Every structure is written in C-alpha cells, then in structure tokens.
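So the structure is just underneath, and the comments pick up after that.
The values are calculated or read from the model by the stated rules, or taken from the named source; none is laboratory data. It should be emphasised that the depicted structure is a prediction, and the values quoted were computed from it without experimental measurement. Methodologically, a virtual Cβ is constructed for each residue, glycine included, from the backbone with ideal geometry; neighbour enumeration extends over all protein chains shown. We work out accessible area using only protein heavy atoms, side chains counted, and drop any ligands, DNA or RNA first. Shrake-Rupley method; radii C 1.70, N 1.55, O 1.52, S 1.80 Å.
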Amino acid sequence: MPTATSTSQATEFLRRTESRLLELSIESQQASWVYSTFITSDTEALAAKAYSRLIAATVELAKESTGLPPESLSDVDRRKVRLLRLSLPLIAPSDPAASGELTQTVTQMEGTYSRGRHTPIGAREPVDLQGLSRILAESRDPVLLEDAWAGWHAVGRGIRKDFVRYVDLANRGARELGFEDTGAMWRSKYDMPPASFAREVDRLWEEVRPLYVALHAYVRRRLREIYGADHVPERGPIPAHLLGNMWAQSWEALTPRLAPPRSTPPIDLTRILQDRHTTAEGMVRYAEAFFISLGLPPLPESFWTRSMLLRPKDREVVCHASAWDVDLVEDLRIKMCIEITGEDFHTVHHELGHNFYQRAYANQPYLFRDSAHDGFHEAVGDTISLSVTPEYLERIGLIERAPDASGDLDLLLFRALEKIAFLPFGLVVDKWRWEVFSGAIRPEELNASWWALRERYQGIAPVRARDETEFDAGAKYHVPANVPYMRYFLAHILQFQFHRALAGVIGSVGPLHRASIYGSKEAGRRLLAMLEMGSSRDWRDALESLTGERRMEARGLLEYFAPLKAWLDQQNQGVPVGW
Ligand code: X8Z
Ligand code: ZN
C-alpha cells in the first residue's frame, strides 16, 4: 500500500512536472510556430533554444522521477511517469553545449529542406517542392520527370552531414534516459516492449502485402504500356520517378492514366473545386463542416485568424502541412500551403483530424494530452476522409449525381493508388531510421541502405544509380524534421479499422467503400469518446472503446479493397507479379 507521505510526494512531483512542462511546451511551440512561418537565422536560433529548454527540463524531471518509490505510485501516476520519459521524439545529452548543438542542427535541417529549390528544364526560375511535385504528378515526359525528381533530391546533399551529427547526439541523449538508442525510444511508445512492436508491424505488413504486390504488378504493366519497355522493366522494380509523386508514396496522380479502360471517368475533385473558385479557407470550411455534422463544436474563431493557409510570397516557411494546439487547450491552428486540389482536400481533413483530437483531450492532465498512440493521431482525419464518398459529395452539392455501383471499381482503384501504395513506404522510412539509430546502418552507407529497403518493400528503384554523395532519405520532410514515421503506416491500417467500426455504428449494410458517417451524431459520440481519453489509457482500451477489438487489424482494409483485389488478380493473370 502506498503510504500517505510517499503518495503526496509523487502527487506533488507530478503536479510540479506537469505545470513546468506545460509552460515550456507552450513557449517552445510559440517559437516553433514563428520559425515555421518565417524562417530566418534569428527565428531558427530562438526555436532551437526554446526546444532545448523543454528537452532539458524533461530530461531532468524524468531522471528525478526514477527516485520515486515505485510502491508510492498509483496506476495513473505510474503511467504518467512512464510517458514522461517518452514525451518527446528528441532527447539531447544533458551537456548544454551538446544540447544546443543538437536542437540547432535539427532546426537547421528543417530549414535546409524547406528552402530547397530546383530550376526545371525549360524553366527560368527556381521552383519549390510543390512546383516540382506538380511536374511529377502531371508530366508524362520521362526526361522532365527525372529532372524534377533528381533536382529535388539534391536537397539531401546539404542535409547529410547534419544528419550524421544529429544521429550521434540524439542517441547520446536517448541513452542518458536509459534507451538503447533513439529508434528504441520511438518503439517504446506503444504499451509493449520495443521488440514486440517491431514484430507487430511486420505482422500487419504481411497481412496487406499480397494486395500491394497485386497493385504493383498492375501498375507496372500499365506504365510499361504508357512509357514503353525502355523505361519500365517487365519484372524488376518500377522507376521511382514515374509514379506521380516525389517519394512514390502515393500514386493517386496516376488515376486518370490507370483507370480501367471501359470505365466512367473518375470524379475529378480538383476540377470541381477549381471550377467553383473554392478558396483555401473554403477547403477548410468543408472539412470543418464534416466534423460539425458529427456533433463536434466548430473551430474557435482564433483558428481562422492565426492559421497559415497559403504560402506567403514574401518569406520562407515550412510548407509541410501540420496541425497545432499552441496553448494545449484551444489555440488550434493549421499551417499549410493549400492548393485547390482533390489531394489537398483530403489533407485538410487529415489536419483537422489532429485539431479535433487535440481539443478532445485538452481536459486531460498535461502528460495525457496526446493520442492513444501516434498512429491514432494520424488516423482520425483520414477516417473522416474515407467518408468522402460520391454520395457524400452529392449531399453537399459538390457533384450533381453520384455514379452508380458500376463506378465502384474506379473509386477503389483510386483509393488503392493512394492508400495501398503508401503502405510499404510508411514502413520503410522508420525501418531504415531504426537501423541508422542502432548503428546497423553505418554513416557511409546511408544512401545504399535506403534504396535497398525501398526496393525490397516498395519494389521501386532510382532510374540511375545514386551514390553516397546523395542523401535521398533527407529529401523526405520527416527525416530532416525528426518526425517518427511508423505512425503513418499504423494509421493506414487503423483508419480502415475505425471506418469499419463506425460503419457498423451507423448500421451501414452496403460495401465499406460506400459507407459515409456524415451527419451521424452517434458516430461522432463514439469517435469523441475515444479521442477524449487522450493517452490516459493503454491504446488497446481506446481501440476497444471504438471497435470492440484490442489488436490492430488489417481486416477493415482488406474488406474495403476485397472487390479490387479480385479484379487485380484477374488483370494480373499471365502478367509477372513481384520484383
Ligand atoms: O506528413 C503528413 C501530414 C502531416 S502529419 C500531412 N503525412 C505523411 C506525409 O505527407 O508523408 C500524411 C500522410 C503521410
Ligand atoms: Zn498528420
């Protein structure tokens, strides 16, 4: 039994800890917001300093917490103490010089990434990532595609040296807190031993791999028809620059080219939104309206005045989309360089999912103001997006009439090009980083190992050999910005699990891809009940509250895509499958 004195010692420690970290966390977010929306050497220094202070306090308090007599802790306090050590994705060594160097290095890497530009063939001006991504999505000229691809990937060269230093310093920090390395620290956030988590991820991948491989074979054959045998091999990996996306992580830009020949033209959300002169704010209003239809309160007024929705013309910013709750209560914002496209329509839903989650857990104590695990955070907005069905678009007046069931296969193919193509990428980024942090990948083989994993899991390859002067992982935002990535792999499984459960809540009997929870207060209540728990409980409890299941399951995803899988298998008869 905890004694009265020791209990009050623990309670007092946690009260002090939570109030100090809340204060430092707000300060760090404020500095980071200013940096991300106005990159200069000064804002970089201020953001790095504020982050350093938050890290230093976290380390100090986490170390202090080891002195609390374990028997003095209630279950809730024990969970808080455990989460304290895991609350940040970056831990610096306690030596102030090393800590300052580390946060400065990370901030600088993010800046280098955000400032990346390339002048494409035939252009006069340097073009940013969004412009280069447009070329990747729209051009069919392999020369222009390769140029835009390689031009952007050159950004990694300027990040490589910083990255090696960061790995070393971050590992030293993680070890001070008792983790083997930073990767092990990241894997420890899932209410199970880090090694079990790695196995869990492999289990999920094995369940969905056959679907990916089938999609890959179909896409490779169709690309070979489009670009010719000189450009696309019959059996080998697909050249990375032909898949419509800078990282080949989503192939949705290929939709118009890959739709089954006899099909009705797919709904072109980009054209619809542009024809209606939808503004960036209008895009966000659509997403907000969906959440309101579930019974959630509207975003606060300050959201609309403080968010950054467009790329400013007069300064450098971090364009990669993100959602913030600066005061950890109701200062919700998004930061995004919105373009009026179907893709960004979904990204806006993704971001608001974060904001509504943040607000739902704002009543929790500081250390529980987080998602059940990080895959949950990434899954909420995407779950809502799965309800953006043709019937939904008809209901809100964006299209006149939803196509009948004969268009379903196109819809599923389109969804798969986005969601199924993503799965191995979602897996690879941190499979690679885990090995970098553990030392299994050495600094002189950063690029070769990156491509070995990309080929193994994604079945893609660079069109020309990439040597070790390059750093292609650094050309993906989350690597220079130190954002763990396995969360997105998990989210791509979880969102279908959530969607399937919510379809059950609204009593939907049709196929999963036609279910939309739009307007269902009951679905909203069930979702909110899970979100409000924050990280106060084991994530299995949160999962169970919504789905009745205590394991992450690919069943929802497989059920959703079952008709497509059957169709792909048919299409792939007599066609080489695998690489
Ligand atoms: O980074 C994001 C979001 C912000 S959390 C826009 N995503 C990943 C990416 O862009 O690589 C969403 C999907 C995967
Ligand atoms: Zn996100």
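Below is a table of values for the structure above.
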quantity: In nm, spacing of pseudo-spin labels at TYR227 and GLN130 (7 Å Cα→C-beta vector); calculated: 2.7 nm
quantity: Difference of contour (0.36 nm per residue) and Cα-Cα distance, VAL164 to ARG20; calculated: 48.7 nm
quantity: Over the stretch 183-256, relative contact order from alpha-carbon pairs under 8 Å, at least 6 apart, %; calculated: 12 percent
quantity: Theoretical FRET efficiency, 1/(1+(r/R0)^6), r = Cβ-Cβ of ASP75 and ILE396, R0 51 Å, to 0.05; calculated: 0.70
quantity: Accessible area per residue, Å², the chain with all protein chains present, probe 1.4 Å; calculated: 39 Å²
quantity: Given the chain, longest segment not containing exposed loop GluC sites (Glu not before Pro) (DSSP; at most 10 other Cβ within 10 Å); calculated: 1-233
quantity: Cβ-placed point charges (K, R +1; D, E -1), dipole of the chain about Cα centre in debye, nearest 20; calculated: 520 debye
quantity: The chain: calculated mean residue ellipticity at 222 nm from DSSP helix runs of at least 4, using -39500 (n - 2.57); calculated: -19000 deg cm²/dmol
quantity: Shape call, the stretch 96-229: gyration tensor on alpha carbons, a/c limit 1.5; calculated: oblate
quantity: Modelled label reach - ASP569, point 7 Å along Cα→Cβ, the stretch 174-210 residues with backbone N closer than 18 Å; calculated: 206-210
quantity: Alpha-carbon centroid distance for the pair the stretch 222-238 / the stretch 316-337, whole angstrom; calculated: 41 Å
quantity: Considering only the chain, percent of DSSP beta bridges that pair antiparallel, nearest 5; calculated: 60 percent
quantity: Carbon plus sulfur fraction of accessible area for the chain, probe 1.4 Å, in percent; calculated: 52 percent
quantity: Net charge, ARG78 excluded, C-beta distance under 13 Å - Lys, Arg +1, Asp, Glu -1; calculated: 0
quantity: Shape call, the stretch 331-455: gyration tensor on alpha carbons, a/c limit 1.5; calculated: oblate
quantity: The chain, relative contact order in percent, only Cα pairs under 8 angstrom and at least six apart counted; calculated: 19 percent
quantity: Full-stretch length increase - SER41, ARG117 - with 0.36 nm per residue and alpha-carbon distance subtracted; calculated: 25.5 nm
quantity: Distance between modelled label sites at VAL34 and ARG555, nm, 7 Å Cα→Cβ extension; calculated: 5.2 nm
quantity: Count of Lys pairs (Cα-Cα under 20 Å; at least 8 positions apart or interchain) in the chain; calculated: 11
quantity: Taking the stretch 505-572 and dividing mean pair separation by its residue count, relative contact order in percent (alpha carbons under 8 Å, at least six apart); calculated: 25 percent
quantity: Residue-count net charge about GLN364 - beta-carbon cut-off 9 Å; Lys, Arg +1, Asp, Glu -1; calculated: -1
quantity: Charge dipole of the chain about the Cα centre (unit charges at C-beta), most positive-ward option of VAL143, ASN572, PRO126; calculated: ASN572
quantity: Cα→Cβ-extended label distance, 7 Å offset, between ILE272 and GLU200, nm; calculated: 3.7 nm
quantity: Assigned charges on the beta-carbon of Lys, Arg, Asp, Glu; the stretch 116-189 dipole about Cα centre (debye); calculated: 220 debye
